[in-house]
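The values are calculated or read from the model by the stated rules, or taken from the named source; none is laboratory data. Just so it is clear, the structure is predicted and the values come from calculations on it, not from any experiment. Don't worry about glycine lacking a Cβ; one is built from the backbone with ideal geometry, like all the others, and counts go over all protein chains shown. Note: accessible area is taken over every heavy atom of the protein model, side chains too, but ligands, DNA and RNA are not part of it. Shrake-Rupley method; radii C 1.70, N 1.55, O 1.52, S 1.80 Å.
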Amino acid sequence: MAIKAIILDWAGTSVDYGCFAPVEAFHSAFQAVGMNPTIDEIRAPMGMGKKAHIAAMLHEKPHTEKDIDEIYSLFESCLFEGLAAHTDPLPGVVDTVATLREMGIKIGSTTGYTRAMMDVVAPGALEKGYAPDCLVCPEEAGGLGRPFPHMLWRNLETLQIASISQVVKVGDTEADIREGVNAGCVSVGVLEGSSMLGLNQVEFASLEFDEALDLLSIAQDNYKNAGADFVIRDFAALPALISSINKEQKDRNHA
């Protein structure tokens with residue numbers, strides 16, 4: 001069956017190039033309790049629900065639920081201070097989403113952000129031309145954020161998609177890919193602007209050619225190791241990928 005819906009992540013996939021809003025907030029929150037995690041340690045669980053993210057960062061350290069709640073409260077405060085400044089759509093997103101809709105594809109979305117956080121992000125993105133047809137946050141799926149598939153499945157209900165085989169999940173973290181894998185749909189990792197790559201636009205543009213290729217190759221391998229079916233260089237590559245998937249399915253059905 002042809003692809004009928006694409007389920008997009010937010011920060012690092014459709015908005016907030018490099019996924020910096022949560023990175024900055026996590027860093028400030030952990031520093032406030034006397035810890036100084038590396039950026040790699042902060043990014044490793046990216047895409048999960050935020051309390052689960054904190055628990056993952058603390059898993060090798062003695063901690064209690066109270067510790068997680070304390071860091072989460074600090075994280076939330078730090079995030080809301082700067083969240084509105086991180087709602088710009090990534091290059092190509094607005095035009096590509098328009099193209100996908102012309103192809104008859106619905107645009108869903110899932111996120112590691114809470115609904116209160118998305119009440120800042122979504123209106124900011126809308127002002128700049130991006131709005132999906134559906135948005136599901138962890139608390140609207142029984143608190144089961146990524147890598148659980150329940151947010152994705154809730155999208156299918158709202159978008160009235162008949163089969164998981166008609167769905168493609170697109171994201172920029174390992175948790176995004178595992179969400180798609182666990183849901184049973186095609187999973188796609190996007191490289192440029194991703195948390196997986198972890199660079200802002202200026203940093204990426206300033207890379208030497210060979211250095212960029214090396215970093216892109218590492219990120220691609222990480223996506224593949226998480227179970228990605230495809231990895232694309234940038235968001236604008238999505239329509240061609242969807243057309244290719246549809247053609248392959250059609251050819252297989254007529255074989």
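Kindly establish whether Gly18 is surrounded by 19 or more Cβ atoms within 10 Å (Cβ to Cβ), in a loop (DSSP other than H, G, I, E, B), at positive phi and out of contact with any strand residue (DSSP E or B) (no Cβ under 7 Å at 6 or more places or on another chain).
It is true that Gly18 is surrounded by 19 or more Cβ atoms within 10 Å (Cβ to Cβ), in a loop (DSSP other than H, G, I, E, B), at positive phi and out of contact with any strand residue (DSSP E or B) (no Cβ under 7 Å at 6 or more places or on another chain).
Just need a number here: residues in segment 226-255 that are open to solvent by 90 Å² or more (accessible area, probe 1.4 Å) and in contact (Cβ under 8 Å) with a residue 40 or more places away in the chain. Step through it out loud before you land on a result.
Going through segment 226-255, the residues open to solvent by 90 Å² or more (accessible area, probe 1.4 Å) turn out to be 233, 247-248, 250, 252-255.
Right, trim to in contact (Cβ under 8 Å) with a residue 40 or more places away in the chain and you get 233, 250.
Residues flagged as open to solvent by 90 Å² or more (accessible area, probe 1.4 Å) and in contact (Cβ under 8 Å) with a residue 40 or more places away in the chain within segment 226-255 amount to 2.
Please work out which one of (1) open to solvent by 50 Å² or more (accessible area, probe 1.4 Å); (2) touching a residue at least 24 places away in the same chain (Cβ under 8 Å); (3) not in a helix (DSSP H, G or I) is the condition Val94 fails and give its number.
Of the numbered conditions (1) open to solvent by 50 Å² or more (accessible area, probe 1.4 Å); (2) touching a residue at least 24 places away in the same chain (Cβ under 8 Å); (3) not in a helix (DSSP H, G or I), the odd one out for Val94 is (3).
Regarding segment 200-214, can at least one residue be identified that is of a type in the set (Ser, Thr, Tyr), in a loop (DSSP other than H, G, I, E, B) and open to solvent by 60 Å² or more (accessible area, probe 1.4 Å)?
Within segment 200-214, one or more residues are of a type in the set (Ser, Thr, Tyr), in a loop (DSSP other than H, G, I, E, B) and open to solvent by 60 Å² or more (accessible area, probe 1.4 Å).
Cβ contacts < 6 Å: first residue in a helix (DSSP H, G or I), restricted to segment 145-158; second residue β-branched (Val, Ile, Thr) and buried (at least 21 other Cβ atoms within 10 Å of the Cβ), any location; separation 6+ or different chain. Result?
Every condition considered, the pairs that remain are Met151/Thr110; Met151/Val136; Leu152/Ile7; Leu152/Thr110; Arg154/Val136; Asn155/Ile7; Asn155/Val136.
Of the residues in segment 38-60, how many are assigned to a loop (DSSP other than H, G, I, E, B) and open to solvent by less than 20 Å² (accessible area, probe 1.4 Å)?
The total comes to 4.
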